[in-house]
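Student: Pasting a structure below so you can have a look.
Here, each number is a calculation from the coordinates, and none is a lab measurement. Because the structure is predicted, anything quoted here is derived from the model rather than measured.
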């Protein structure tokens, strides 16, 4: 048996197709890591059409109170965009959006709605004063002003409202203590910003005893996101960075799952059929081994190959990704929100847990390809049908998420993915672990029975 397995491994290593797929995989790895390295998020900013706003304002009737409000809002937006063109650093743009908008609107409201020249001049003077701080990038001025405001509100309020201001003050004091600017290139700022923007809604929902289903879902989402962002600022770890090697590895199956599938089907779909196509099956059967021993050696090679190829691909990605993205992120933990609390994992531990959880997928597909390779004695047929088998089962899984048809429960794709156990979510198809294991074993046993019976009875005289 060992000698037969050794021979199969040597054949596999000498396959040109293996090296071709590996070369393509390496190129794909390089491209994937380059894409992750590129901060495409910067291009998601909404572009404001200033000309369209000016044209709309020119067509508005300022004697109408409703259209006058639109006119003032458009003027405010135009002025904000003008200032952001003039002061374009990340910090300056944030200060304009969050600390000047209300003053700009107030200025135009005084001029066009209240038509009070004295108030307008006072608002204009105050705005110019604040613009000078924006020009200098003096974010600390605005932070100190916010802290003073929150402290005054705490003294003037009570109950839930006071709790909200106290929590916001804690965040502002943390920003001041850690000297964190209003800069969206700073991960601590991004988490603080999320917490500040959602804190009021979160506390309101948390203290509401009559939530609708939509509000309950929103509260669940906020609880998870708030916990993760609080972890970021408490531990000062950039766990949400999507441009690191860590981000690629945590999404390894999504990025490289197709290559795992190609490797598995390529090997399992040819390991028996190539013996028939090359005519070497006769020589193999003349050796002092039973047919089931010969087939078992090939099956064991397929089974061992699947986790080994996953490990091989992971190592390649770690090396390539480390060169392009750096290795530092490997020391940043993966944080998952599970059952109302946070669980942390090492990056490699999380990666290999996910790969282990996906093994049944590739075992089932691999054994299906192995069965076809044995039954059809055709490599092309085994590989093609195996890919179609995988695609069909994926379609069935997608349909099963939406439609509760009883026939779907007979398809193995509803049972073969255990990644939800790693991520802490529930099975998308509401199936138990024991049922999943039984269904997978049943499929595997049926396919292996077909393969062994066919191979034991196959006539090779005319080959």
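Student: Mind running the shape call on the chain? Use the C-alpha gyration tensor, a ≥ b ≥ c as the square roots of the eigenvalues: rounded below 1.5 for a/c, prolate if a/b tops b/c, oblate otherwise.
Tutor: In terms of gyration-tensor shape, prolate.
Student: Let me ask you something else. Need the C-alpha centroid separation for region 208-254 versus region 388-463, integer Å.
Tutor: Between the Cα centres of region 208-254 and region 388-463 lies a distance of 32 Å.
Student: Can you tell me the Rg and Dmax of region 1-132, counting just the alpha carbons, in angstroms?
Tutor: 30.0, 97
Student: Now for a separate question. Which shape class applies to region 350-405: rounded if a/c is under 1.5, otherwise prolate when a/b exceeds b/c and oblate if not, where a ≥ b ≥ c are the square roots of the Cα gyration tensor eigenvalues?
Tutor: oblate
Student: Remind me, relative contact order of region 1-123 in percent, using alpha carbon pairs under 8 angstrom and six or more residues apart?
Tutor: Reported as a whole number, the value is 15 percent.
Student: Going by alpha carbons, how many degrees (0 to 90, nearest 10) lie between the helix axis of 139-156 and the longest principal axis of the chain?
Tutor: 80
Student: Cα-based Rg (one decimal) and Dmax (whole number) for region 339-439, in Å?
Tutor: Here Rg and the maximum Cα pair distance are 15.9, 53 Å.
Student: Return P(r) of region 210-344 (all Cα-Cα pairs; 5 Å bins starting at 0; whole %; ordered from short to long distances).
Tutor: Whole-percent P(r) values from 0 Å outward: 2, 8, 12, 12, 11, 10, 10, 8, 7, 6, 5, 4, 3, 1, 0, 0.
Student: If you don't mind, another one. I'd like the orientation of helix 65-86 relative to the chain: the angle between its Cα long axis and the longest Cα principal axis, in ° from 0 to 90, rounded to 10.
Tutor: Tilt relative to the chain: about 70 degrees.
Student: Could you tell me which of rounded, prolate or oblate describes region 63-131, using a ≥ b ≥ c as the square roots of the eigenvalues of the alpha-carbon gyration tensor, with rounded for a/c under 1.5 and, failing that, prolate when a/b is larger than b/c and oblate otherwise?
Tutor: It comes out oblate by the Cα gyration axes.
Student: Same structure again: Compute the angle between helix 213-235 and the longest alpha-carbon principal axis of the chain, please, reported from 0 to 90 degrees and rounded to the nearest 10.
Tutor: With rounding to tens, the tilt is 90 degrees.
Student: Let me ask something additional. Per DSSP H run of n ≥ 4, the term is -39500 (n - 2.57); total these for the chain, divide by its residue number, and report the mean residue ellipticity at 222 nm rounded to 500 deg cm²/dmol.
Tutor: -24000 deg cm²/dmol
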